[in-house]
Structure formats: structure tokens, C-alpha cells
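Below: one structure, written as C-alpha cells.
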Amino acid sequence: MLTIFETIKHIAIKIDHEIKTEDLGYSDSSNSSGEDQLKLDVKSDYIIEEAFKNISIVKSLVSEEKEGVLELHENGKYTICYDPLDGSSLADVNLSVGSIFGIYQGELKGENLVASAYVVYGPRIELVTAIKGSKPKHYRAQEGLFNFIDEITLDEKGNINAPGGTQQNWCEYHKTFVDDLFSEGYRLRYSGGMVPDLHQILLKGGGIFSYPATSDKPYGKLRQLFEVIPFAFIYEQAGGQALNDKGMRLMELEPSHPHDTSPCFLGSNYEITQLRDAYGMKN
Ligand code: AFP
């Protein structure tokens, strides 16, 4: 696993360079979700694919930017599902964006995730890695080298509320859930990039990030394999919880298609309890 994390460090430095130098315009292609692709999306995807081609333990790759599975090494052990540049539409307004990596062994479903990592491209490049049974580890790059900062633990209760999705498309009980937290004094922290938004909650001790089912996106917006499950793993390893809108652990998701999405709620225990009450979830 260390080889994969070391490769992600090299990938991060290269993608950060592209963000700072590449043209921020659109390519003439679209991804498998039918979204227009930025040149940065395509370049970031290429950098990741090229890097893992040299790692023999990587059996195959599944990218948010492409359809299907790319077979790399027949005797490889892991399939890496990744979002090469999540929130890329924020790059042209100079907001932080990120890369997300889910490392699976066997069938692509939550319970087979064995590790995950994400990179935040912001004023600094930061990396968080997680393996089963250990607290997530937080690293910061300086002059191209990643220095270990600390292990991440979520407090029982935080004060950040990051409510995703178009508010006019929320159902009533979701709106009540969000407003009740603000009535308790929670701070609105939402940039539209899930990587910096979730990173902030992890580093500031806690709170909740939500991207619910909405009238325009009844199955949520965020992808299970590349976004939701890798972060759910990190939040659980940090002592928090990660559920869908039915109260099911996101780590139990079994996507029927690699690009399936899910409503998602990731946060500290107190906020997840508030969610369960608001949604009438059984404990
Ligand atoms: P883009 O990759 O299209 O910028 O979308 C980013 C994202 O997938 C995720 O990073 C955010 O949490 C979410 O979408 C924001 O969606 P809303 O703008 O609908 O809240």
C-alpha cells in the first residue's frame, strides 16, 4: 500500500503544477457522466493513469472521467477508483480542488475498500491517507516533499455545517435538519468542492457535510466508488460516521454501475444523531 501512497505523492506534485500552469479552458470531450471536460480534467486523468501503469500491484483503474475499467497488471492486487480533479470547475476562480482515490480489493463495493487517500490543491498541497484500523494521516508538501503533520480524530461534536445541493430542491425535513444546526450556532462552510469542504471539517474538529437526495438529483450527485466511499472510510477511521439518506453506512454501498451516485452525510457523531432524528432513521 505504501507504494500506492508514494505514487499518489508524485501524482499530486505533477497535478498541482498543471493547475498552476495549464490552460483552464474546456477540452472538446465530455466524461462518462456527460459532463464537459476541462483540459485539466483530461491532463490530471492522464497523469494518474501513466503513474499507476508502473505499479505492478495495481490490477486495474476506474476513473470518474472515463467509462469502463482499464486493466493494467494481470497479477495485480488492487483496483484504484479515482476522481482525478474533483471540483475542477472551481479552478478558474482560484478555489481549492482535489483528487480522490479509493483502493479496492476484489469486487468494487464499499466493504472491499482497503484504503483511501485524497489530495487538496490549495495554498499548499495536502494529502490524507487512511488504511483499516488506523487513524487517517495528514501530510503537507513543502518543496515537493510531503511532511507528516498528525493523525486526524473527529470530535464528538463540531460547529461546521456544509450543506450541498440546490436548496430549493431540498425536501422539507432536510431543510429543517440544516436550519436547526444553524439555529444551534453552526458556521456555514461550503465551497462547492467536496475535497476542501470535507478536509476542513476533519481538520477543524468536526461538523457535518451533506449532499442529500434532491428533486433534481433523487440519487444524490456524488459518485459512490470515487467520492463517497473513499471519504466515508476516512470519516469512520477518524471516529465519525458516514450514512446515506436511509441510515445505511456508506461503506455498505454496492454500486450496480461504476458511476452510481448516493445521497451522503459525513460527520461527527452528534451531528449524525441529529440527522437520524430529522430523517426518522432507526438506530
Ligand atoms: P464539479 O466537479 O462539477 O465542480 O462538482 C463538484 C462536486 O462534484 C463536489 O466536489 C461538490 O461537493 C459538489 O459537486 C457540489 O455540488 P453543488 O454545486 O450542487 O452543491
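What follows is calculated from the coordinates using simple rules that are stated; it is not laboratory data. All values reported here derive from a predicted model rather than from experimental measurement. Here the Cβ positions follow ideal geometry from the backbone for every residue, glycine too, while neighbour counts run over all protein chains shown.
The magnitude of the dipole of the range 21-116, with charges of +1 and -1 set on the Cβ of Lys/Arg and Asp/Glu and taken from the Cα centre, is near 440 debye. Taking only the C-alpha atoms of the range 207-283, Rg followed by Dmax gives 11.6, 33 Å. The residues 129, 176, 214, when put in order of fewest to most other Cβ atoms within 10 Å, stand as 176, 214, 129.
Largest first, the extents of the alpha carbon coordinates of the range 73-164 on the three principal axes equal 41, 35, 33 Å. Using the Karplus relation 6.51 cos²θ - 1.76 cosθ + 1.60 with θ = phi - 60°, the per-residue 3J(HN,Hα) values for the range 226-237 come to 9, 10, 5, 5, x, 6, 4, 4, 5, 5, 5, 5 Hz, with x marking Gly and Pro. Residue by residue, the range 192-199 carries 3J(HN,Hα) couplings of x, x, 5, 5, x, 5, 6, 4 Hz when phi is fed to the Karplus relation 6.51 cos²θ - 1.76 cosθ + 1.60 (θ = phi - 60°); x denotes Gly or Pro. Please tell me the relative contact order of the range 2-151 in percent, rounded to the nearest whole number, where contacts are Cα pairs under 8 Å and at least six residues apart. Once normalised by length, the contact order is 15 percent. Debye-formula intensities of the range 88-236, expressed as log10 I(q)/I(0) at q = 0.10 Å⁻¹, are -0.37 (one equal scatterer per alpha-carbon, no solvent). The Stokes-Einstein estimate for the chain, based on a Kirkwood radius over Cα pairs and taken at 20 °C with 1.002 mPa s viscosity, is a diffusion coefficient of 114 µm²/s.
Look at 140, 276 and count the other Cβ atoms within 10 Å of each Cβ; fewest to most, that gives 140, 276.
Computed extension gain for residue 135 through residue 252, at 0.36 nm per residue and net of the alpha carbon distance, reaches 40.1 nm. Under the rule of at least 5 residues apart or a separate chain, name every residue whose amide H is placed under 5 Å from the amide H of residue 164. Result for residue 164 returns 210, 211.
Take every pair of alpha-carbon atoms less than 8 Å apart whose residues are at least six positions apart; their mean separation over the length of the chain yields a relative contact order of 16 percent.
Between the amide H of residue 125 and those of 141, distances stay under 5 Å, these residues lying 5 or more places away or on another chain, with hydrogens modeled in the peptide plane. Remark on the range 2-151: Rg and Dmax equal 15.0, 43 Å (Cα only). Applied to the range 171-180, the Karplus parametrisation 6.51 cos²θ - 1.76 cosθ + 1.60 on θ = phi - 60° returns per-residue 3J(HN,Hα) values of 7, 4, 6, 6, 4, 5, 4, 5, 5, 4 Hz, with x for Gly and Pro. Compute the signed sum of charges (Lys and Arg +1, Asp and Glu -1) over the other residues within less than 10 Å, Cβ to Cβ, of residue 260. With Lys, Arg at +1 and Asp, Glu at -1, the net is 0.
Under 5 Å between amide hydrogens, built in the peptide plane, is the criterion, and for residue 66 it picks out 32 among residues at least 5 positions away or on other chains. Placing +1 on the Cβ of each Lys and Arg and -1 on the Cβ of each Asp and Glu in the range 160-279, which of 263, 209, 169 has its Cα farthest towards the positive end of the resulting dipole? Positive-most Cα among the choices belongs to 209.
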